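Asker: Next up is a structure, given as structure tokens.
The values are calculated or read from the model by the stated rules, or taken from the named source; none is laboratory data. Just so it is clear, the structure is predicted and the values come from calculations on it, not from any experiment. Here the Cβ is made from the backbone with ideal geometry for all residues, glycine too, and neighbour counts use every protein chain on show. With ligands, DNA and RNA removed, areas are computed over all heavy atoms of the protein, side chains included. Shrake-Rupley method; radii C 1.70, N 1.55, O 1.52, S 1.80 Å.
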Amino acid sequence: MPHLRPFVSAVVRPIPITTREQRIAELDRAGHNPFNIRGEMVSIDLLSDSGTGAVSTDQQAWAQRADERYAGAESWFRFRDALREIVPHEHVLPVHQGRAAERVLFSALLEPGAISLSNMHFDTTRANVERLGAEALDLPNPQLLDMRSDAPFKGDINVEAVKAVLDGPDGPRVKQIVVTITNNGGGGQPVSMDNLAEISAVAREHRVPLILDAARFAENAWLITQRDPAYRGWSPLEVARRVFEFGDAVVASLKKDGLSHEGAFIAVHDQDLADHCEVDIIATEGFRTYGGLTGHTLEHLAQGLQEVLDPHYLADREHEAAYLADRLHAAGVETLQPTGLHAVYVNATPLLPHLQPKHLPDHALTCALYREGGVRAAGGGLFLGTFDENNELVTPPPFELVRLALPRRVYDHSHMEYLAEVLGEIAKNPERVPGYRLTHNPALLRHFRCRTEPIMP
């Protein structure tokens with residue numbers, strides 16, 4: 001039966017149409033960093049799926065009823081009640097976005113010299129750990145390194161590696177274990193229910209809090225229903241509830257699976273930890289019943305948390321990602337397998353074989369995408385690699401992936417076809433894509449703030 005998208009456009013926005021010469025000039029102005037490119041110069045923006053989706057008419061309708069009172073507003077209670085349908089933790093605190101949730105919670109758990117273990121710390125997660133003088137240690141599933149493998153849960157944390165750290169001399173320094181669902185830094189791959197059960201037991205045994213970074217909890221739940229036979233027939237809501245039971249605490253940006261342009265939350269069981277976080281939030285974000293959010297946003301979130309768990313919406317999300325991946329494969333472009341939901345990850349290494357790791361191939365591909373088609377995306381090499389004082393690559397990233405993040409309910413098949421054509425043209429003459437070197441290399445959050453220049457290897 002043909003696939004039917006479960007929504008139609010109610011409001012539209014024009015797409016900028018630019019020339020190649022204009023895009024070359026914009027790349028030069030931006031220091032060849034996609035984060036510096038002006039939005040008005042981007043035709044298809046796949047830089048992030050965070051806060052970039054389209055809200056529904058029902059979300060807009062509820063927002064018109066927003067209660068903007070400072071404390072105890074009706075909009076807060078609607079948001080809290082919607083969240084408690086999914087999350088079992090007694091204490092729920094709103095904040096303005098996910099990195100604020102990380103900052104507040106990590107400040108209560110970490111100290112200089114501490115260690116945070118994870119399946120993969122994402123960029124701001126790592127920064128919030130390191131800002132506290134702690135060490136962020138990634139222990140991903142070894143299957144993740146096999147780009148072509150169809151292993152269903154490559155996002156899992158390596159439980160045996162976690163045990164080895166906890167049982168070793170550095171064990172007492174471990175103050176938290178963070179499992180990101182889905183594993184964004186690891187190609188958007190899902191985390192299995194079995195893996196969560198295992199790491200939860202290990203964390204309890206060693207009395208280390210297990211934190212779920214659950215920005216894409218609905219997408220992870222959907223992939224569990226599709227890839228784990230034990231959960232066939234379960235609803236995404238039922239799976240999400242079960243997943244959240246494993247966490248001692250939760251931080252989640254709701255700019256993804258809250259279907260909103262801003263918002264996040266912290267959820268904890270422990271009263272003392274909740275009190276510590278609440279004081280920090282009141283001092284830095286806002287009162288505990290709004291956390292820096294307007295009633296308008298709280299209403300968007302309350303409704304979005306219901307819409308995001310709709311199986312028809314999630315099936316469509318999976319279909320769109322698979323459609324793009326299939327079109328790219330037909331054009332000779334390799335992607336990380338199996339395809340997830342929030343993004344398609346292009347493997348730059350086989351696409352640009354003339355570029356060595358020191359030439360920053362994934363960054364080179366993001367610049368080529370914009371130059372040739374006005375498409376903005378992001379690579380992970382600048383974030384995951386390490387560089388010396390001369391801006392030379394010391395430790396290559398574990399993989400050279402370009403993330404094509406898919407905003408929710410925004411682009412249609414014609415946009416995906418255009419993107420595949422642009423990448424296909426690049427794949428026909430890859431030697432025309434130059435390598436890159438850093439000209440400005442900030443010590444922290446490099447990829448957001450750096451400047452680069454093209455070089456011919």
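Asker: Go through the stretch 315-341 and give me each residue that's in contact with a helix residue (DSSP H, G or I) (Cβ under 6 Å, 6 or more places away or on another chain) and open to solvent by less than 10 Å² (accessible area, probe 1.4 Å).
Answerer: Correct list: LEU324, LEU328, VAL333, THR335, LEU341.
Asker: Could you list all residues from the stretch 377-429 that are within 23 Å of the chain's Cα centre (by Cα), among the aliphatic types (A, V, I, L, M) and assigned to a helix (DSSP H, G or I)?
Answerer: LEU382, LEU384, MET416, LEU419, ALA420, LEU423 - these are the residues of the stretch 377-429 that are within 23 Å of the chain's Cα centre (by Cα), among the aliphatic types (A, V, I, L, M) and assigned to a helix (DSSP H, G or I).
Asker: Report the residue count in the stretch 65-111 for those that are among the polar types (S, T, N, Q), assigned to a helix (DSSP H, G or I) and open to solvent by 10 Å² or more (accessible area, probe 1.4 Å).
Answerer: Of the residues in that region, 1 qualify.
Asker: Condition test on ARG288, is it of a type in the set (D, E, K, R) and either part of a helix (DSSP H, G or I) or surrounded by fewer than 19 Cβ atoms within 10 Å (Cβ to Cβ) (or both)?
Answerer: no
Asker: Can you tell me which residues in the stretch 132-146 are touching a residue at least 12 places away in the same chain (Cβ under 8 Å), part of a loop (DSSP other than H, G, I, E, B) and either under 11 Å from GLN189 (Cβ atoms) or open to solvent by 20 Å² or more (accessible area, probe 1.4 Å) (or both)?
Answerer: LEU132, GLY133, LEU139, ASN141
Asker: Hey, among ALA221, ALA214, which residue is open to solvent by less than 10 Å² (accessible area, probe 1.4 Å) and either of a type in the set (D, E, K, R) or under 21 Å from LEU336 (Cα atoms) (or both)?
Answerer: Exactly one of ALA221, ALA214 is open to solvent by less than 10 Å² (accessible area, probe 1.4 Å) and either of a type in the set (D, E, K, R) or under 21 Å from LEU336 (Cα atoms) (or both), namely ALA221.
Asker: Restrict the check to the stretch 243-250 and report whether at least one residue is assigned to a helix (DSSP H, G or I), under 15 Å from SER192 (Cβ atoms) and of a type outside the set (Phe, Trp, Tyr).
Answerer: For the stretch 243-250, residues assigned to a helix (DSSP H, G or I), under 15 Å from SER192 (Cβ atoms) and of a type outside the set (Phe, Trp, Tyr): present.
Asker: Now a separate question. Regarding ALA30, is this residue among the aliphatic types (A, V, I, L, M), closer than 28 Å to ILE266 by Cβ, open to solvent by less than 20 Å² (accessible area, probe 1.4 Å) and out of contact with any Ser or Thr (no Cβ under 6 Å at 6 or more places or on another chain)?
Answerer: no
Asker: Could you look through the stretch 224-242, keep only residues that are in a loop (DSSP other than H, G, I, E, B) and without any contact (Cβ under 8 Å) to a residue 24 or more places away in the chain, and pick out the one that is least open to solvent (accessible area, probe 1.4 Å)?
Answerer: So, considering only residues that are in a loop (DSSP other than H, G, I, E, B) and without any contact (Cβ under 8 Å) to a residue 24 or more places away in the chain, the one least open to solvent (accessible area, probe 1.4 Å) is GLY233.
So that you can scan it fast, the table gives a plain yes or no per residue for (1) farther than 22 Å from ASP123 by Cα; (2) not polar (S, T, N, Q):
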position: GLN356; (1), (2): yes, no
position: PRO361; (1), (2): no, yes
position: ARG371; (1), (2): yes, yes
position: ARG376; (1), (2): no, yes
position: GLY380; (1), (2): no, yes
position: PHE387; (1), (2): no, yes
position: ARG408; (1), (2): no, yes
position: SER414; (1), (2): yes, no
position: ILE426; (1), (2): yes, yes
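Asker: Shifting gears a bit: Considering only residues of the stretch 244-258 that are over 13 Å from LEU83 (Cα atoms) and in contact with a His (Cβ under 9 Å, 6 or more places away or on another chain), which is most open to solvent (accessible area, probe 1.4 Å)?
Answerer: ASP248
Asker: Which residues, taken from the stretch 398-413, are open to solvent by 30 Å² or more (accessible area, probe 1.4 Å), more than 12 Å from LEU324 (Cβ to Cβ) and not charged (D, E, K, R)?
Answerer: PRO398, VAL410
Asker: Working carefully through the options PHE35, PHE7, find the one that is assigned to a loop (DSSP other than H, G, I, E, B) and of a type in the set (Phe, Trp, Tyr).
Answerer: Only one candidate passes the filter, namely PHE7.
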